[in-house]
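Take a look at the structure below.
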Amino acid sequence: MSSPTNMYIDFQRVVKSAWKSFFRDGGMLAADIFIMLLVISAATSLLLLNDLSNFLAAELQKKVDISVYFKEASLESDILTLKEDIEKIPEVKGVEYLSKEKAFDYFTEKHSDNPILMEALIEVGVNPFLASLNIQAFTASQYQAVADFLAKPDFKNIIEKVDYYQRKPIIDRIFSLTSNLKTAGILFSIILAFISILVAFNTIRLAIYNAREEIKIQRLVGASNWFIRGPFLAQGVITGFFAAVIAFFLFFSGSFLVGAKAGFLFTGFNAFNLFMSNFWLLIFVQLLTGIGIGVISSLIAIRKYLKA
Amino acid sequence: MVKFQNISKIYPACPGGHPCVALDDVSFEIKPKEFVSIVGRSGAGKTTLFRLLLAEEMPTQGEIFFDGNDILNVKSKHLPLLRRQVGAVFQDYKLLPNKTAYENIAYIMEIIGASDEEISRDVSDVLEVVGLKNRANNFPAELSGGERQRVAIARALIHRPKVILADEPTGNLDPYNTSDIIQLLLKINEIGTTVILATHNKEIINYLQKRVITLDEGKVIRDEEKGRFVI
């Protein structure tokens, strides 16, 4: 049994040996770091892609609501009472009241540069818009509950129409799209991660295969299995660490350069914000992926050369 | 020190597909501080003997004792401890290509847990003994055959093992380097280390005037004190 001092000296020697051979074989070093960089980039992209799909799903869901239009003669106090009742439904996320006047102002503001529409409005002579409530639920399936509530006979006198039934197919399609998007993202992630790990594992396996004679000599001169295995594991850690650092700076500068320019694809999207909001998670995932794959692959690949 | 008792080694599939006998009921004993040469044609079983002593392979039958311990009963996790008591020199040197001459020698000291001060002192001393002080920082690929073999010998003796096994150590060397290596082995033996030398070289054996064990087709056919090369 080694004493703690001896174990510390062995550890020091293993790290020193790994560090030296790491820099002595420049070509192999570059290849190993590059492969590991690909794996870490894949893991990082998957993480960001998942966040992007969540962002997209949230953005799409924000655009979904149902509107309730009230009859010309309805009193504002009745509408506001109904608004309070709707807000009490647990499935409802928010309700917004749009009075006749506000609807008119909103329309004229939006179409002020369209003379035909403006002229038509003047021609009508009165405010043709109806007061309405815009209701947002938490999920698509909950809109049915809201629609059922509004279909009660008590509200027949004040409600002109509920546009849920016209919008239902679109709402359903949007929600099935976002859910498919997530499933596809997860599947894609799993496949890509699997391929990346296989490539990294085989690269390390090849490196250890090339060192098989060296391992044989080390065994012949009396090195213990841990003394032989140690430098390979330490090299896995060093490769993983350097690859993670490079990947981090690549993604950092990449997202900084792209930044808000990605907003043209999805309104409100900012690549740099996405990166910064996942800052610590990304560092953790990148280091864990790099070092983890480096160490585990080395452990598995060297096993067969250390059998007595 | 080393005892082979009724050792047989049969390889199940030799070239041609049939089993072949590498060693056939071999028995002999080597005492501490002896210098023993093992001679025989290629395929006589010299290298197999060494591989068995290093526990690289197991015999089909028989027992091997090293310093009173039966090698066959050594657990695999204790094999490194056994191998550290033996210094091995090979025809193809078996140096670690990515380590310098100094590091190749120091590696053994690191394995046994020597301190940095001991390593620095002893490696310098042994490099002096083998005449390679000015080549300490060269990699094996930058050394000549004779220099590589001297590094291998330095590595084999740095930790003062009880036995040095030299398997055809001069096989790849010219006569000048051959003589240097043999002188080194004799010097090592003089300081009390048991040396077991396997060789083809008739001149070396006749020059040494030490014990010679002759193998032929896996059998010991002669075992003589102050023997000569006769096959």
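Here, each number is a calculation from the coordinates, and none is a lab measurement. Keep in mind that this is a model prediction, so the values were computed, not measured. All Cβ positions, glycine included, derive from the backbone under ideal geometry; neighbour counts span all protein chains shown.
Let me have the relative contact order for the range B:160-204, percent, based on Cα pairs under 8 Å that are six or more residues apart.
On the way: 38 pairs, mean separation 26.4, N = 45.
Normalised by residue count, the contact order of the range B:160-204 is 59 percent.
Reported to the nearest whole Å, the Cα centre-to-centre distance from the range B:157-190 to the range A:225-263 is 48.
Look at where the Cα atoms of the range B:68-140 and of the range B:30-56 average out, and the two centres are 20 Å apart.
Computed from Cα positions, the angle between helix A:225-258 and the longest principal axis of chain A comes to roughly 30 degrees. For the segment A:210-221, counting C-beta atoms of other chains within 10 Å of every residue's C-beta and taking the mean gives 5.
Seen from a random direction on average, the alpha-carbon convex hull of the range B:73-195 projects onto 7.8 square nanometres.
Using the 10 angstrom Cβ neighbour count as an exposure proxy, how do A:Thr139, A:Thr239, B:Thr193 rank, fewest first?
On the way: A:Thr139 11, A:Thr239 31, B:Thr193 20.
Exposure proxy ranking, most exposed first: A:Thr139, B:Thr193, A:Thr239.
Which percent, nearest 5, of DSSP beta bridges in chain B are antiparallel? Antiparallel bridges: around 50 percent, rounded to the nearest 5.
For the range B:95-159, pairs of C-alpha atoms spaced more than 20 angstrom apart make up 15 percent of the total.
Compactness of the range A:210-308 was expressed as the Cα radius of gyration divided by 2.2 N^0.38 Å, which yields 1.60.
Looking at the protein assembly as shown, the DSSP beta bridges with both ends there are about 65 percent antiparallel. With q set to 0.09, 0.10 Å⁻¹, the log10 of I(q)/I(0) for the protein assembly as shown, from the Debye formula over equal scatterers at the Cα positions, is -0.80, -0.91. Size of chain B: Rg and Dmax of its alpha carbons, in Å, are 17.6, 54.
Give a quick list of trypsin sites (Lys or Arg not before Pro) in the range B:70-157 that DSSP marks as loop, anything other than H, G, I, E or B, with at most 16 other Cβ atoms within 10 Å.
Here the sparse-neighbourhood loop sites are B:Lys75.
Considering only beta bridges that DSSP places wholly inside the range B:108-231, some 50 percent are antiparallel. Please list log₁₀ I(q)/I(0) at q = 0.16 Å⁻¹ for the range A:72-157, using the Debye equation with identical point scatterers on the alpha-carbon positions. Those come out to -0.75, one per q. Can you classify chain A as rounded, prolate or oblate using the Cα gyration tensor, where a ≥ b ≥ c are the square roots of its eigenvalues, rounded means a/c under 1.5, and otherwise it's prolate if a/b beats b/c and oblate if not? In terms of gyration-tensor shape, prolate. Output the 0 to 90 degree angle, nearest 10, between the alpha-carbon long axis of helix A:4-24 and the longest principal axis computed from the alpha carbons of chain A. Helix A:4-24 sits roughly 80 degrees off the main axis of chain A. Computed across the range B:6-128, the Kirkwood hydrodynamic radius from all distinct Cα-Cα pairs reaches 17.0 Å.
If I fit a long axis through the Cα atoms of helix A:279-303 and take the longest principal axis of the Cα atoms of chain A, what angle between them do I get, 0 to 90°, rounded to 10? With both axes taken from Cα atoms, the answer is about 40 degrees.
Our helix-only sum for chain A, with -39,500 (n - 2.57) per DSSP H run of n ≥ 4 divided by its residues, gives a mean residue ellipticity at 222 nm of -24500 deg cm²/dmol. Restricting the trypsin sites (Lys or Arg not before Pro) of the range B:165-231 to loop positions (DSSP other than H, G, I, E, B) with no more than 12 neighbouring Cβ atoms within 10 Å leaves B:Lys226.
Take chain A, mark every one of the chymotrypsin sites (Phe, Trp or Tyr not before Pro) that falls in a DSSP loop and has at most 15 other Cβ within 10 Å, then report the longest stretch left between them, sites excluded. If you can, show how the numbers build up before the last one.
Numbers: sites that count: A:Phe138, A:Phe266.
Between the exposed loop sites, the longest stretch runs A:1-137.
Under a Gaussian network description of chain B, with springs only between Cα atoms under 10 Å, the residue in B:Gln209, B:Gln85, B:Gln149 that fluctuates furthest is B:Gln209. Partner lysines whose Cα lies under 19 Å from the Cα of A:Lys216, excluding those fewer than 8 positions away in the same chain, are identified as A:Lys304, A:Lys307, B:Lys75, B:Lys77, B:Lys94, B:Lys99.
How large is the helix-only mean residue ellipticity at 222 nm for chain B, computed as the sum of -39500 (n - 2.57) over DSSP H runs with n ≥ 4, divided by its residue count, in deg cm²/dmol to the nearest 500?
-9500 deg cm²/dmol, from helical runs alone.
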